[in-house]
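A quick write-up on the structure given underneath.
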């Protein structure tokens, strides 16, 4: 693996989203969502069946890593923070401390990073995907940090 990327759906339209993947020469798409749908017609390209179909047409392998998706209890911690900060999910710019601590403890610490590193080593340019626009507002940033730590490759965030 030569480089790791991250990308979210929000802020992109379908053409720009898939164009960003092509421009970055992404060859593996790692979907970090629990529920693989996105609300709104503008983001229908992010719904699993359409997404997988388009990725396949572009020669990009797809993997769903549900074990790295935050569970309901962890997501609720972020929902509470969003309400307290009076910010809509799509407008969030950073994750709350409670979410980060809980997600790290429940999900990141027990995860087998060496197995994932072995699985992705056949690829040159994988991308981590969730929906949030800003990587600082999404768990994909935390996953990227762990994967970079396990592999030593640099990370680039693809943003609109």
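Applying the selection to segment 114-145, what residues are under 16 Å from the mean Cα position of the chain (by Cα) and more than 22 Å from residue 25 (Cα to Cα)?
Residues satisfying the conditions are 136, 137, 138, 139, 142.
Filter segment 38-73 for residues that are in contact (Cβ under 8 Å) with a residue 24 or more places away in the chain, part of a helix (DSSP H, G or I) and touching a strand residue (DSSP E or B) at 6+ places or on another chain (Cβ under 6 Å) and give the result.
Correct list: 55 only.
Condition first: under 19 Å from residue 69 (Cα atoms) and at pLDDT 95 or above. Now tell me which residues in segment 113-129 satisfy that.
If the condition is that a residue be under 19 Å from residue 69 (Cα atoms) and at pLDDT 95 or above, then 126, 127, 128, 129 are the ones that fit.
Considering each residue of segment 92-104, count those that are exposed (fewer than 14 other Cβ atoms within 10 Å of the Cβ) and either modelled with pLDDT under 90 or closer than 18 Å to residue 147 by Cβ (or both), and give that number.
Qualifying residue count for the region: 1.
Might you let me know whether segment 51-72 holds any residue that is touching a helix residue (DSSP H, G or I) at 6+ places or on another chain (Cβ under 9 Å), modelled with pLDDT under 90 and over 30 Å from residue 23 (Cβ atoms)?
No, every residue in segment 51-72 fails to be touching a helix residue (DSSP H, G or I) at 6+ places or on another chain (Cβ under 9 Å), modelled with pLDDT under 90 and over 30 Å from residue 23 (Cβ atoms).
Which of the residues belonging to segment 93-122 are under 29 Å from residue 82 (Cβ atoms), free of Cβ contacts under 8 Å to residues at least 24 places away in the same chain and part of a helix (DSSP H, G or I)?
97, 98, 101, 105
Looking at segment 55-91, which of its residues are more than 15 Å from the chain's Cα centre (by Cα) and crowded, with 16+ Cβ neighbours inside 10 Å?
Across segment 55-91, the qualifying residues are 55, 60, 74, 77, 78, 81, 82.
Quick one: count up the residues across segment 1-37 that are touching a residue at least 12 places away in the same chain (Cβ under 8 Å), in contact with a helix residue (DSSP H, G or I) (Cβ under 8 Å, 6 or more places away or on another chain) and surrounded by fewer than 21 Cβ atoms within 10 Å (Cβ to Cβ).
6
For segment 105-135: of the residues being under 15 Å from residue 159 (Cα atoms) and out of contact with any strand residue (DSSP E or B) (no Cβ under 9 Å at 6 or more places or on another chain), which is surrounded by the fewest Cβ atoms within 10 Å (Cβ to Cβ)?
Ranking the candidates gives 133 first.
The values are calculated or read from the model by the stated rules, or taken from the named source; none is laboratory data. Here the structure is a predicted model, which means the values were calculated and not measured. Note: ideal-geometry Cβ built from the backbone for every residue, glycine included; neighbour counts use all protein chains shown.
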